[in-house]
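Scroll down for the structure; my scribbles are underneath it.
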Amino acid sequence: MISLDPIIIYSMLTLIWIWYRGNRYLSHKGRFRFLREIVINLFFVYLLAVTYVTMEPFYFTNALTKENTISFDTNLFYNLLHMADGYLMFQLLYSLGNVVLFVPLGIFVPYLFKHTRHFFVILLLGFFSSLTIELIQTSFTLTRLATVDDLFFNTFGAVLGYLVFTTIRFSYYSNSSLKNNC
């Protein structure tokens, strides 16, 4: 079993990120857009937060080399309904947390990458991002269980974020066209 200190990992990643963004700024001075840079850096912080929330407490092992089999709960909502019998609030918070975790993905990605501004692209991106997290959890962590519930709620969160993005984008463009016509 390997135990990793997230402070060291995130500090190194942040330093590499600052170096990369600094070099990018120096090589593209004329095309620097302040708002976009803020959003890119917020997206980076979001990705760090998602890895922390989904991989904490950072105890890793290789489940493929052990006699243990990889477990993936494929019964939709079964684990959710039985994880805290009698504690409906905990079940609702767990579900809501999984949805909220992926809402920023559905907002940031289409803002930063124009070619992803399609419903099915965000749906697939949310699904495969969640699937990647679940497979890492079940394959390499001792304390996490992969469930199809997480896939469902995370994908729903990404789609919900995309709907928020398209609503904001539509209202922005419709307001700016109204102002230009007046």
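A short reminder: the numbers here are calculations on the coordinates, not readings from a lab. Just so you know, these numbers come straight off a predicted model, no measurement behind them. Here the Cβ is made from the backbone with ideal geometry for all residues, glycine too, and neighbour counts use every protein chain on show.
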Quick one: SER139 ticks every box in (1) under 30 Å from SER3 (Cβ atoms); (2) among the hydroxyl-bearing types (Ser, Thr, Tyr); (3) without any contact (Cβ under 8 Å) to a residue 60 or more places away in the chain bar one, so which box is it? (3)
The stretch 1-24, subset loosely packed, with under 10 Cβ neighbours inside 10 Å and not in a helix (DSSP H, G or I), residue nearest to the chain's Cα centre (by Cα): ASP5
Collect the residues in the stretch 137-151 that are crowded, with 16+ Cβ neighbours inside 10 Å and under 19 Å from GLY97 (Cα atoms), keeping them in residue-number order. GLN137, ARG144, ALA146, THR147, VAL148, ASP149, ASP150, LEU151
Might you check whether a residue that is in a helix (DSSP H, G or I), among the polar types (S, T, N, Q), within 15 Å of the chain's Cα centre (by Cα) and under 18 Å from ILE40 (Cβ atoms) occurs anywhere in the stretch 120-141? yes
